[in-house]
1. Please note which helices (runs of 4 or more DSSP H) are completely contained in the chain and include at least 1 residues that are basic (Lys, Arg), open to solvent by less than 60 Å² (accessible area, probe 1.4 Å) and touching a residue at least 40 places away in the same chain (Cβ under 8 Å).
2. Looking only at segment 45-93, count how many residues are under 17 Å from CYS9 (Cα atoms) and of a type in the set (Phe, Trp, Tyr).
3. Working only within segment 71-103, note down all residues that are farther than 14 Å from GLY48 by Cα and either of a type in the set (Ser, Thr, Tyr) or at pLDDT below 85 (or both).
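The values are calculated or read from the model by the stated rules, or taken from the named source; none is laboratory data. Note that the coordinates shown come from a computational prediction; the quantities given were computed from them, not determined experimentally. Because the Cβ atoms are built from the backbone with ideal geometry, glycine has one as well, and the counts that use them run over all protein chains shown. Areas reflect the complete protein model, heavy atoms only, side chains present, ligands, DNA and RNA absent. Shrake-Rupley method; radii C 1.70, N 1.55, O 1.52, S 1.80 Å.
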Amino acid sequence: MTMIRRFCCNNLLRFTSVNLDHLTKTFNMSFYLMYLARWPDYFQVAEGPGKRIMVYIMGKVEGQGESWHGHVTAVIVSPEYRRQQLAKKLMNLLEEISDKIHQ
């Protein structure tokens with residue numbers, strides 16, 4: 001069963017297998033930590049059996065007042081979990097979070 005939840009610091013030590021694909025853009029550790037610190041609600045992960053990370057999404061908020069918008073920085077899906085609409089679920093979740101936080 002898939003569980004979607006907020007990404008946490010411990011996940012940084014467990015998500016290497018998701019990032020191993022040659023098409024995947026990776027960042028340095030300080031970049032991930034900055035997103036966790038500044039926009040924790042916009043950093044979500046989906047785990048499968050055995051707490052294996054299947055997909056994660058990281059985003060942020062840009063702009064001020066009425067001219068804000070959500071920005072998706074990365075949606076990374078492990079190759080063996082592609083074509084299961086997991087990225088779509090996380091994109092929808094990020095949109096819901098944006099709407100809830102910035103109403």
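1. none
2. Residues in segment 45-93 being under 17 Å from CYS9 (Cα atoms) and of a type in the set (Phe, Trp, Tyr): 1 in total.
3. The answer is THR73, SER98, ASP99, LYS100, ILE101, HIS102, GLN103.
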